């Protein structure tokens with residue numbers, strides 16, 4: 001370690017998962033939209049806040065892992081896998097959700113099916129899907145939290161993909 | 001008034017939206033819920049969509065800040081082109097309600113609707129200039145196949161004159177509508193004005 005520069009932590013989850021180095025032009029560009037940077041991390045924090053009721057943090061992280069795996073967003077999937085393991089989630093469950101293998105728990109199965117559908121085929125959203133979540137035991141605030149979370153992940157996946165393309169163009173303009 | 005556009009189920013007319021979940025009742029809303037609604041817009045307290053989202057006030061608050069920061073940030077990509085990116089993403093995802101709102105905003109800002117008709121008809125070939133075609137093409141790609149967006153796509157935008165800040169603004173706008181469309185499409189449905 002020769003400089004503290006190399007050791008400076010990433011600005012936020014987006015920086016860490018693109019990833020963007022502190023000195024990189026794309027990172028400097030990103031900071032020109034500092035309000036977007038702050039609101040993106042603020043949204044991430046809200047999506048995984050322990051104070052959100054109706055859906056546990058572990059359930060939300062499993063949704064995120066599944067959404068990113070389905071979207072083939074590898075660096076984001078790795079981020080959520082790490083968070084799950086750090087929270088003490090069951091390794092077999094994490095592996096199953098990451099690979100799309102069936103899970104035993106009926107509630108989780110319903111939530112993950114909704115996740116994949118909303119990520120891949122948002123046009124297929126219908127009232128029956130919402131009713132199925134309610135029947136699986138999700139309250140109205142929990143369903144809103146789940147919808148917001150999956151929709152936010154769609155945003156996060158595209159911000160990371162766009163920044164990765166900008167960073168790649170920076171290397172070979 | 002100009003003739004409304006109605007193409008393939010999409011329109012630039014003003015639509016309503018009916019939620020599939022009970023909205024928060026304003027009179028019973030918490031201070032956090034009211035603050036999140038007011039952060040979005042002065043009209044949010046009367047919108048069924050925002051009143052449903054108010055069930056999770058912190059999520060709505062942050063989303064509202066992100067929305068306004070992306071769509072209204074000064075400089076960078078002209079606001080009309082951000083609205084175009086939003087309309088293309090909404091068209092590709094099949095979000096009739098979002099497409100109508102942002103088609104209207106594009107028209108208000110650009111004073112024309114030619115490209116909107118093209119986007120509704122066939123997004124893949126839409127655009128009245130090389131710059132507009134490149135913006136539409138990139139929006140479709142980032143919306144539909146984010147994992148395949150590459151340095152080549154960025155170069156194509158630069159070739160038609162977009163600055164890096166404009167490209168970042170477009171990325172944010174398309175990504176934001178990947179978010180908004182999924183809420184609109186999955187928590188309720190558009191309601192068309194009564195047939196004349």
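Overview of results
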{"item": "Some residue of the stretch B:105-114 being under 13 Å from the mean Cα position of the chain (by Cα), buried (at least 24 other Cβ atoms within 10 Å of the Cβ) and within 14 Å of chain A (Cβ to nearest Cβ)", "result": "no"}
{"item": "In the stretch B:48-75, the residues that are more than 16 Å from the chain's Cα centre (by Cα), surrounded by fewer than 22 Cβ atoms within 10 Å (Cβ to Cβ) and more than 8 Å from chain A (Cβ to nearest Cβ)", "result": "B:48, B:74, B:75"}
{"item": "Boolean, residue B:99 is modelled with pLDDT of 95 or more, within 8 Å of chain A (Cβ to nearest Cβ), crowded, with 18+ Cβ neighbours inside 10 Å and closer than 17 Å to residue B:15 by Cα", "result": "no"}
{"item": "Answer residue from the stretch A:133-154, given it is without any contact (Cβ under 8 Å) to a residue 12 or more places away in the chain and at the interface with chain B (Cβ under 7 Å from one of its Cβ atoms) and is farthest from residue A:60 (Cα to Cα) among those", "result": "A:140"}
{"item": "Flag for residue B:190 being over 14 Å from the mean Cα position of the chain (by Cα) and without any contact (Cβ under 8 Å) to a residue 60 or more places away in the chain", "result": "no"}
{"item": "Hey, residue B:143 surrounded by 23 or more Cβ atoms within 10 Å (Cβ to Cβ), in contact (Cβ under 8 Å) with a residue 12 or more places away in the chain and outside the structural domain of residue B:48 (by TED's automatic domain parsing) or not", "result": "yes"}
{"item": "The stretch A:118-132 - residue that is within 17 Å of residue A:65 (Cβ to Cβ) and facing chain B (nearest Cβ under 9 Å) and, of those, surrounded by the most Cβ atoms within 10 Å (Cβ to Cβ)", "result": "A:118"}
{"item": "Tally of residues being surrounded by 15 or more Cβ atoms within 10 Å (Cβ to Cβ) and either within 14 Å of residue B:80 (Cα to Cα) or free of Cβ contacts under 8 Å to residues at least 40 places away in the same chain (or both) across the stretch B:120-135", "result": "8"}
{"item": "Residue B:136 in contact with a helix residue (DSSP H, G or I) (Cβ under 6 Å, 6 or more places away or on another chain) and within 14 Å of chain A (Cβ to nearest Cβ)", "result": "no"}
{"item": "Unique residue being more than 9 Å from the chain's Cα centre (by Cα), surrounded by fewer than 17 Cβ atoms within 10 Å (Cβ to Cβ) and within 18 Å of residue A:111 (Cβ to Cβ) when the list is A:71, A:56", "result": "A:56"}
{"item": "For residue B:162: the one exception among (1) more than 22 Å from residue A:114 (Cβ to Cβ); (2) facing another protein chain (nearest Cβ under 7 Å)", "result": "(2)"}
{"item": "Qualifying residue in the stretch A:103-111 (condition: more than 14 Å from the chain's Cα centre (by Cα), surrounded by 21 or more Cβ atoms within 10 Å (Cβ to Cβ) and more than 7 Å from chain B (Cβ to nearest Cβ))", "result": "yes"}
{"item": "Condition met for residue B:157 (within 17 Å of residue B:84 (Cβ to Cβ), at pLDDT 95 or above, part of a helix (DSSP H, G or I) and not assigned by TED's automatic domain parsing to the domain that holds residue B:51)", "result": "yes"}
{"item": "Check on residue B:175, within 12 Å of chain A (Cβ to nearest Cβ), closer than 30 Å to residue A:171 by Cβ and either crowded, with 24+ Cβ neighbours inside 10 Å or without any contact (Cβ under 8 Å) to a residue 24 or more places away in the chain (or both)", "result": "yes"}
{"item": "Yes/no for residue B:41 being crowded, with 20+ Cβ neighbours inside 10 Å and within 29 Å of residue A:52 (Cα to Cα)", "result": "no"}
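The values are calculated or read from the model by the stated rules, or taken from the named source; none is laboratory data. These figures come from a predicted structure and were not determined experimentally. Heads up, the Cβs are rebuilt from the backbone with ideal geometry, glycines too, and the neighbour counts pull from every protein chain shown.
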